[in-house]
Structures are given as structure tokens and as C-alpha cells.
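Read the figures in this text as sums done on the coordinates, not as results from a lab. None of these values were measured; they are calculated from a predicted model. Here the Cβ is made from the backbone with ideal geometry for all residues, glycine too, and neighbour counts use every protein chain on show.
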Amino acid sequence: MTKSVRVLLMAGGKGTRLWPKSRKTLPKQFMPITGHKTLLQQTVDRLSTFVHLEHLYVVTTPEYAQHVREQIPAVNVDHIIIEPCQHSTTASLAYILLSSHVLGIAADDVIVILPTDAYIQDTVSFVQCLENATELAADTGGTVTIGVPTTYPSTHYGYIQTRTQTVGQGFKVHQFVEKPDLETARQYMQDNSIYWNSGIFIWKLSTLEELVQVHLPTTYREITRLTPHWQELDDESLRQWYIQQPKQSFEYTLVERTTDIYMVPATFKWTDLGTWSSFIETLSSRRTQDEAPVVMHESHRCLVESERGLVALFGVDDLIVVQTGDTLLVCSRDHEDQLKQLVDFLSERNYDNYL
């Protein structure tokens, strides 16, 4: 690979969609959910044949920095990018641009932005897909994403619709589509041009700078103004600048607004473990006899995750039941997408010890 590639792992999320297993003190990316290693550690292992460790960075927040240091000690401590606070992925990218000169990232370097909480199988295919995507980003100077072929009508994922025009190993993107209702998701299953959005994005640093300049001009001017004074900025000044950035995802503020965007189809199995349905169904084949027993009698389409003791369901349908050491969640499957609302509700009522 002749180009210089930098991988930035996003590890600052709270993981509220998998509450109560995922807690604010230990979100899912730092937990050994799918084996003995945590999702963060598995992500780093998966990338070891794609990029050298000295070209890998982790973006996180102050409360999770110690988890990162402890779990992946082989990563250069100077490459752990600690954001001023939790805010938004748009703010994260702005902070990366602000600190890129200190981090040693050059304008022509290709940057891969990766979440750390996905479950991915077939590392060889995953790495090949990333290589195709970085080649495409280097050759076109555009934005590249990875789309996952749909396997069932999911209402939990965003979608990408492509054009028939092929470019390198990918397709030109027509549009991004928000999470659909079930009937629309079923229609998407019949359309070979529509894929799930994996949340993986690739640019040259210069391309990312241009996107910010065009679509977030105020942010770009501030970055230009602050960069020469980086070493002089105190923590509070940096935090105040940071929280003034748009509280929106960079997919909304940048990616969905550009027309120069391409998608490489994934050839590996992927799920973002972003709902209890995806979590339990993904791990169902990995259950052992030592795990807590679940009995369902005259009950249908229920999903159960329990750390201890027998869970017995009788005469109920379409429920999600999660039992941890100190918390029991019973949720309608129709409401699992809104689980963050429950977490916010509990926080407002001072149940922080359980969050």
C-alpha cells in the first residue's frame, strides 16, 4: 500500500442502547461481550494486518481514557485522543482536525473512521474491503463508506442507496436513508442498490478539511484561528470551544451533504450490536450450558439476556428481558429503539447508580 493510512477508532460512546448491561462507567466497547476480549481489543486485533500500530489512534473522552490505556497498552499513549467532554461526532472530527498537526497526520493521508462496538466476522474480507475503500478514497479524493448487504428487513439501521455507476471497487452513492418503518424496510430488501450503513467512513485529511470548510464554515474558521495557538489553549477554553460545535453526527452535518461520495460493499458479516435484538440474536449461537437458563411457555418472539438465575416467561409475546446483577429491564420489542429515553428518564429521577 503506497499511500499513508491512519485509522481513528471512535471509543467515546455511552452505549445506552444496551442498558442495563452497558453502563456509563463501562460502555459496551470496553466489555468482553463476544468473547474473552473486549470489543475495543477485538477491533484493534482485527486491524493489525491492515495498519501499523503507530498509525492507529483512539478517540475517547476523559472518563474512558483509562479503559483505553489499560485495554490496548500497545497503542502509543500519545495517540489516545482525549476529547474535552462528550458531545457529538461532529465535534470529534473538528477536534481531530484541530490536533492533526500535533498527531502527525498529513493532508494527503487517508483517514479511516471506525466505530469500536461492532461485531465483525471474517477478518481477511474485512481488511480487503478496507484496502479497496482506502484506494478509492485516495484515487477519487472523495468520501468513501462501506455498505453492508441487507439480510433482513431491519428498522434499526440507516440505509445507503447507490447508483448503478461503478467506480473502482465501489459504487457512486445516490442518497442516505433514515431508519425506515417495517414495510419500507421490506421493500428495501427487494432492491439490490440499497445497503445498511456501517458507520465506517474514509477520506483524505484534505478532503475532510474541505467538507468542513464548505458545510461548517464557522467551525473551519475557528480551527484555522486556534491551530497556531494549540499549545497555549487551557482546558476550559478548549472545552468551551468544543461544546459550541453542532450537537449532531458528522454523517448529518458533512457526509449526507456531499455529492462526491462512494460506497464499497462489505463482504464480511457485520452487526453494530446497537439493539438488544441484534445483540441477543448475534450471540445466541455462542451460548454455553453454564449460562443462566431461560424457559418460555406459551410465549413467543421474546428475547432474554440474564447473568444469573432462571428466567421463566409465561403467556407473553414480543418482550425483551434483561437481568443484570442489580437491574431488571422488561421492554416491548416495539420500543427498543427508544431505550435511550428510558435511560434519560431514570437519570432525571436520580437513579444514576443504576446507569
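Results, tabulated for the structure shown:
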{"read-out": "Area projected by the alpha carbon convex hull of the stretch 203-283, averaged over all directions, nm²", "value": "8.5 nm²"}
{"read-out": "Nearest-ten-degree value, helix 205-215 long axis tilted from longest Cα axis of the chain", "value": "80 degrees"}
{"read-out": "Linear extension gain, R163 paired with H297, 0.36 nm per residue minus alpha-carbon span", "value": "43.5 nm"}
{"read-out": "Isotropically averaged projected area of the stretch 123-225, using the convex hull of Cα atoms (one quarter of hull area), nm²", "value": "7.9 nm²"}
{"read-out": "Cα Rg, Dmax, the stretch 1-71, angstrom units", "value": "13.1, 45"}
{"read-out": "E281 paired with S306, simple spin-label distance in nm, labels 7 Å along Cα-to-beta-carbon", "value": "2.3 nm"}
{"read-out": "Restraint check, K21/K340; K247/K340; K28/K340; K37/K179; K172/K204, Cα-Cα greater than 20 Å", "value": "K37/K179"}
{"read-out": "Computed over the stretch 26-183: relative contact order in percent, which uses C-alpha pairs under 8 Å that are six or more apart", "value": "17 percent"}
{"read-out": "Where labels lie 7 Å past Cα in the beta-carbon direction, separation of D139 and K179 in nm", "value": "3.6 nm"}
{"read-out": "Estimated FRET transfer efficiency (C85, R257; beta-carbon r; R0 22 Å; 0.05)", "value": "0.30"}
{"read-out": "Within the stretch 287-354, percent of DSSP bridges classed antiparallel, to nearest 5", "value": "35 percent"}
{"read-out": "Beta bridges per DSSP with both ends in the chain, % antiparallel, nearest 5", "value": "50 percent"}
{"read-out": "Compactness of the chain as Cα Rg over 2.2 N^0.38 Å, two decimals", "value": "1.02"}
{"read-out": "20 Å tail of the calculated P(r), the stretch 287-354, as % of Cα pairs", "value": "37 percent"}
{"read-out": "Enclosed volume per residue, in Å³, of the convex hull spanned by Cα atoms of the stretch 76-192", "value": "150 Å³"}
{"read-out": "Rg/Rh ratio calculated on Cα atoms of the stretch 18-151 (Kirkwood radius)", "value": "0.95"}
{"read-out": "Relative contact order (%) - the chain, alpha-carbon pairs under 8 angstrom, separation at least six", "value": "20 percent"}
{"read-out": "Sites H52 and D317 - FRET efficiency at Förster radius 56 Å, r taken between beta-carbons, to 0.05", "value": "0.65"}
{"read-out": "Inter-label distance, nm, simple model (7 Å from Cα along the C-beta direction), D191/T25", "value": "4.6 nm"}
{"read-out": "Highest to lowest packing among 135-148, 269-282, scored as the average C-beta count within 10 Å", "value": "135-148, 269-282"}
